[in-house]
Amino acid sequence: MDNLKEKTANGLFWGLLNSGSTQFLNLVIGIFLARLLTPADYGILGMITIFSGIASTLNNSGLSTALVNKVDATTEDNNSVFAFNIIVSAILYIILFFCAPLIADFFHEPALINLSRFMFLSLFFSAGLVPGTIMTKKLMVREKTIMGFVALVLSGIVGITLAFNGFAYWSLAWQSILYVFIIMVGCFYYTRWYPTFHFSFKPIKEMFGFSSKLLITSIINILNGNILSVIFGRLYNANAVGNFNQANKWNGMASSTVNTMVTQVAQPIFVSVREDNERQIRVFRKMLRFTSFIAFPVMFGLALIAKEFIIIAISEKWIESAILLQILCIGGAFCCFHTLYQNLLISMGKSNVYMWINILQIVLNISIVLACYKFGLQAMVIAFSCVNILILAAWQYVAYKYMGLSWTDVVKDIIPFGAIAAATMVVTYIVTLSISNIYILLVSRIVVAAVIYYILMRFLHVSILRECMKFIKIKL
């Protein structure tokens, strides 16, 4: 028990360091690029994100998660997955290469022909899937932190340099390609795993029953995460896509700070305790409280300072994205819990349930978003965020059904933190309302909100805070 607790704590610590350093670098790089580029530049790249995402998911086919879940994975299993990735990469690239003109016609954007053909080259860098899976199974979060830091710095420098020299959206494309390539190299470097010719496709067939559900679900997640970009790109223009993607990017950076930290330890930990239902519930509830403790103040806080942050960081040309960011942050706070439930179900082998809930989510999102089309862009984003909040009930229902996780316990673990964080932001808004200088206002709201939240946590004797402080003192 103590060993598991120590592994989880260490994993969360390095996950937090990884998420924090990654998002800080993304923040700095994103500010430079957003100031040098236009909403249209981001919009053009955003139009093909959904195609790159689906292709990458098809290439993975859920096999990375299947390998993590397979306790006795062999050398033949790893080699087979590697060979499968290479073959699928080649097939997918050829198909997408010839589909590039069709993609450009759909969005009425000729520049997408050459850009998409270049971006789809990232498929060939998926060779790092197997060593990346090995790192996940061994909880090599520290190594992933270093690897991600190096990849971000190098790709960010290249992207900023190209943007400064007038390469427009191509600077974003090169940054993306280089980042994936460096991650692949890092995975091989840290694991020292190299493929051999000892493989067959029998392991692929054995894992496919499990991984196929994850494949379908991942495609649905890609559609769900990018459906608004497709709709805006088709119905509006590159500027609309750019503003939405800019807002979604900052929202994603904030939520992934929590998600990355939790995801890197959640599934391996859940797998290790899946034979003991009571212990699994205790572990899940502990991670649920930790996620609530972090996610609500981070996401609600970003919503509070969205306007000041956008103007100061990336200039007033992006002001239209500020309100979209505020809306997305509210839904984003609850999306952090989706990750926990998803990892729980996968660890229990319920990939089919995982798939159907995500199908439900994308169907609801598309239906409600399109129903709100006549009310404008903001209405569609509000509808999208509402679905992301409400779908949490479906995740809890299956957790209750398959492991007996009480609705009452979940409400006790989540709602108090959400209420305290919301109250903190309301009080902070009122206290700082009279400040006119935008720079002082931004700093004041961050400091005041942090102090109020911390004081409330101490006053209410929240155990998660005590445990976090104790662990940090040990590490320091």
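Taking the fewest neighbouring Cβ atoms within 10 Å as the starting point, the ordered list for 446, 430 is 430, 446. Let me make sure I get this right: for segment 349-476, a, b and c are the square roots of the gyration tensor eigenvalues over alpha carbons, sorted descending. Under 1.5 in a/c it's rounded, otherwise prolate if a/b > b/c, else oblate. Which is it? It is oblate, given that a/c is not under 1.5 and a/b is not larger than b/c. Of 338, 108, the sequence from fewest to most neighbouring Cβ atoms within 10 angstrom is 108, 338.
Dipole size of segment 237-476 about its Cα centre, with +1 on Lys/Arg Cβ and -1 on Asp/Glu Cβ: approximately 460 debye, rounded to the nearest 20. In this structure, the pairs whose alpha-carbon distance is over 32 Å, taken from 137/202; 202/350; 374/412; 144/286, are 374/412. Taking label positions 7 Å along the Cα-Cβ direction at both residue 28 and residue 102, the computed distance is 4.3 nm, reported to one decimal. Take the Cα of residue 161, step 7 Å toward its Cβ, do the same at residue 91, and the gap between the two points is 3.8 nm.
The mean sequence separation of alpha-carbon pairs under 8 Å and at least six residues apart, normalised by the residue count of segment 283-373, gives a relative contact order of 28 percent. The order of 445, 282, 192, 142, going from fewest to most other C-beta atoms within 10 Å of their C-beta, is 192, 282, 142, 445.
Computed from the coordinates by the stated procedures, all read-outs in this text should not be read as laboratory data. Here the structure is a predicted model, which is why all the values come from computation and not from measurement. Cβ atoms come from the backbone with ideal geometry, glycine included; neighbour counts cover every protein chain shown.
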